[in-house]
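**Q** Sharing a structure here in structure tokens format.
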Amino acid sequence: MGEGTNIRIGPAGWAYKDWEGVVYPGSLKREQHPVEYLARYFDTIEINSSFYGHIKPEHGLLWCRKARNVNRNFIFTAKLNRAFTHSPMAVVESTSASTIRPHDDDEQLAKQGLDAIAGEEMLGALLVQFPISFKNSNENRDYLDTLVQRFRAYPLVVEVRHASWNNEGTLKYFARQDVAFCNIDQPLLGNAIGPTEHVTSGIGYVRLHGRNYNEWFAERTSEDGLKTERRDARYNYLYSASELQDWKRHIDRIAAKSQVTFVVTNNHFEGKAAVNGLQLKHMIDSIPVKAPETLIKRYPDLELIAEAAVDRLF
């Protein structure tokens, strides 16, 4: 985050096998935690693992300490666990209020991990991410309202991917509840919501998922015969400079209406989220950016915007 700006840019997650030797030096795990490494280049990371499993408080405290070691300005955001936002059989049935089935202890476990980070004053937002099958219906609106009340102790952001939510009624509800609307970039297939610039609380939030149309809804069959998403392939997309400039204009307008704006790059395949995140930082701050030497080697265009590469581990 540059001087005088309220925009924080960073990737979604850090634990990707295909980042080794691309975003991270091959020796990183023996010498430094990935969070500590990334916090030298970004002012935020969206915690992705919390979607799949609850954050253990001791892990949350460790991440806070590691990030603070190298960047006193660093703040996390985190995804709410999928038990509250997705059907447990989401690959074979649509998600709705009637198919979302959290366990009795999910709320307590989720809050324990979130509280550990919030207690360190390093939780900037909690993202509640619904899939495109979660449509704007009376039942789903009631469920969303209940969920907002259960987690309103945290700065909430809601991501809805179906275009039926993109209306004045939704925006007024979010504003009344002080809930941020997540503006997203995704392949515009079917009833997918398109790019927006909505600000409904003090938080502006943007997530860039990539535009890999060919793989977005591609599926493969697992050994048990169930269909599963090709989670890595769908995020194999590198935004062009012109595409990022379009989003920079959106982001600038969002930031003008918010106290803080988080921009999360979720196109994580082979480090593309880190590349585009650094390119956006350069576009917004108009100064050279620090970039990992391994990433520059893989994506040479970064040399045009990077300071002298920093490859020394602290």
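Every number in this text was worked out from the coordinates using simple rules, so none of it is lab data. Here the structure is a predicted model, which is why all the values come from computation and not from measurement. Note that we place each Cβ from the backbone using ideal geometry, even for glycine, and neighbour counts take in every protein chain shown.
**Q** Write out the trypsin sites (Lys or Arg not before Pro) in the stretch 51-126 meeting two conditions: DSSP loop, and at most 14 other Cβ atoms within 10 Å of their Cβ.
**A** ARG72
**Q** Which one is right for this structure if semi-axes √(5λ) of the Cα gyration tensor in Å is calculated from it: (1) 40, 24, 18; (2) 29, 21, 21; (3) 25, 21, 21?
**A** Derived directly from the coordinates: (2).
**Q** Under a 10 Å cutoff between Cα atoms, tell me which one of VAL275, VAL23, VAL92 has the largest fluctuation in the Gaussian network model of the chain.
**A** Sorting by GNM fluctuation, first place goes to VAL92.
**Q** How large is ³J(HN,Hα), in whole Hz, for each residue of the stretch 200-206 in order, when computed from phi with the Karplus curve 6.51 cos²θ - 1.76 cosθ + 1.60 and θ = phi - 60°, using x for Gly and Pro?
**A** 10, 8, x, 9, x, 9, 9
**Q** Still on this model: Using +1 on the beta carbon of Lys and Arg, -1 on that of Asp and Glu, and nothing else charged, what's the dipole of the chain about the Cα centre, debye to 20?
**A** It works out to roughly 220 debye.
**Q** Residue by residue, what Karplus-based ³J(HN,Hα) values in Hz, rounded to whole numbers, does the stretch 121-126 have, using 6.51, -1.76 and 1.60 with θ = phi - 60° and x for Gly and Pro?
**A** Taking θ as phi minus 60°, the curve returns 6, 10, 10, x, 6, 10 Hz for the stretch 121-126.
**Q** Okay, helix-only estimate at 222 nm for the chain: each DSSP H run of n ≥ 4 adds -39500 (n - 2.57), divide by all residues, round to 500 deg cm²/dmol; what do you get?
**A** -9000 deg cm²/dmol
**Q** Also, I was wondering about something else. Looking at the chain only, what percent of DSSP beta bridges run antiparallel? Nearest 5 please.
**A** Roughly 10 percent of the DSSP beta bridges within the chain come out antiparallel.
**Q** Spelling out what I want: for every residue of the stretch 15-21, take phi, set θ = phi - 60°, compute 6.51 cos²θ - 1.76 cosθ + 1.60 (Karplus), and round to whole Hz; glycine and proline get x.
**A** Ordered by residue, 3J(HN,Hα) equals 9, 10, 4, 7, 8, 5, x Hz.
**Q** Moving on. Counting just the Cα atoms, what span does the stretch 4-112 cover along each of its three principal axes? Round to the nearest Å and put the largest first.
**A** Sorted from largest, the Cα extents of the stretch 4-112 read 44, 30, 29 Å.
**Q** Would you work out if the stretch 229-296 is rounded, prolate or oblate? Take a ≥ b ≥ c from the square roots of the eigenvalues of the alpha-carbon gyration tensor; rounded if a/c is under 1.5, else prolate when a/b is larger than b/c, oblate otherwise.
**A** Oblate is the answer for the stretch 229-296, as a/c is 1.5 or above yet b/c matches or exceeds a/b.
**Q** Quick one: if the Förster radius is 35 Å, what FRET efficiency do GLU58 and GLU243 give, using the C-beta to C-beta distance and rounding to 0.05?
**A** 0.30
**Q** What GluC sites (Glu not before Pro) does the stretch 1-104 have in DSSP loop regions with at most 10 other beta carbons within 10 Å?
**A** Taking the stretch 1-104 and a limit of 10 other Cβ atoms within 10 Å, the loop GluC sites (Glu not before Pro) found are GLU3.
**Q** For the stretch 66-128 and the stretch 238-302, what is the centre-to-centre distance using only Cα atoms, to the nearest Å?
**A** 24
**Q** A further question follows. What residue among MET89, MET283, MET122 shows peak mean-square fluctuation when the chain is described by a Gaussian network model with Cα springs under 10 Å?
**A** Top of the fluctuation ranking is MET89.
**Q** What percent do you get for the relative contact order of the stretch 1-145 when only Cα pairs under 8 Å and 6+ apart count?
**A** About 24 percent, as a whole number.
**Q** By how many degrees, 0 to 90 and rounded to 10, does the Cα axis of helix 138-150 deviate from the longest principal axis of the chain?
**A** 60
**Q** Find the centroid of the Cα atoms in the stretch 45-60 and in the stretch 133-198, then give the distance between the two in whole Å.
**A** 22
**Q** Using only Cα atoms and rounding to the nearest 10 degrees, what angle (0 to 90) does helix 272-285 make with the longest principal axis of the chain?
**A** Here the helix axis deviates by roughly 80 degrees.
**Q** Kindly express, to the nearest 10 degrees and within the range 0 to 90, the angle between helix 168-177's C-alpha long axis and the longest C-alpha principal axis of the chain.
**A** Its long axis makes an angle of about 80 degrees.
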